[in-house]
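Structure record follows, encoded as structure tokens.
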Amino acid sequence: MSKKVMLLVAVLVSAFAFAACNDTTSNTNANANANANTGTITTRTQPTATPTPRYTEEQAREERERAKANKETVGQSLDDAWIHTKIVAKLIGDTQTPERKINVDVVAGAVTLRGEIDTAEAKAEAERVAKETDGVKKVTNQLKVVPAKATNSNKPAAKGKTP
């Protein structure tokens, strides 16, 4: 046989072999991967909001008592007591604010911040915390910036008898 005939036979055999591999009627798994996900239904769940804890009248009464002990004013509504609780908790958790130096008054959703603090940054942070609290309608910032007095470690020794 000549080289041309052998080449033609090789091409024909290859073509038949290739066609046989592509025969989907005899190969039931031919499209298994392509169709693997067609019957699958993917559902995406929406994140659910964390429910607001139920704030009771008893908790409000206790918060009003704590506020009164700190010379703070809290209105008679549950909302005022809840706003006060949230702001005080946020201030306690914020390292930039000295919470117990800040008095928080809440009446009818209006918040007044009073007291003396060390820095203008702490004053601004306390106001930001109050404004970003749910339920707050208005914030009046009456905080006064009074820088902390530096302690003098070079005090002269007390006069008197020496040991």
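Read-outs: derived from the displayed coordinates by stated rules, not from any lab. Fair warning: this is a prediction, and the values are worked out from it, not measured in the lab. Cβ: placed from backbone, ideal geometry, glycine included. Neighbour counts: every protein chain shown.
Extension gain for the segment Glu121 to Ala69, taken as residue separation times 0.36 nm less the Cα-Cα distance, is 16.0 nm to one decimal. Only lysine pairs 8 or more places apart or on separate chains count here, and in the range 57-145 those with Cα atoms under 20 Å apart total 27.
Using 14 Å as the cut-off for backbone N distance, which residues of the range 87-123 belong to the label zone defined by a point 7 Å from the Cα of Val146 along Cα→Cβ? Taking a point 7 Å out along Cα→Cβ of Val146, the residues of the range 87-123 whose backbone N falls under 14 Å are 101-103, 114-119. The antiparallel fraction among DSSP beta bridges confined to the range 57-145 stands at about 40%. The alpha-carbon positions of the range 57-145 define a convex hull whose volume is 73 Å³ per residue.
Each residue, Arg54 and Gln76, gets one label point 7 Å from its Cα in the Cβ direction; the gap between the two is 2.4 nm. Taking a point 7 Å out from the Cα of Arg61 in the direction of its Cβ, the residues of the range 74-105 whose backbone N falls within less than 14 Å of it are 78.
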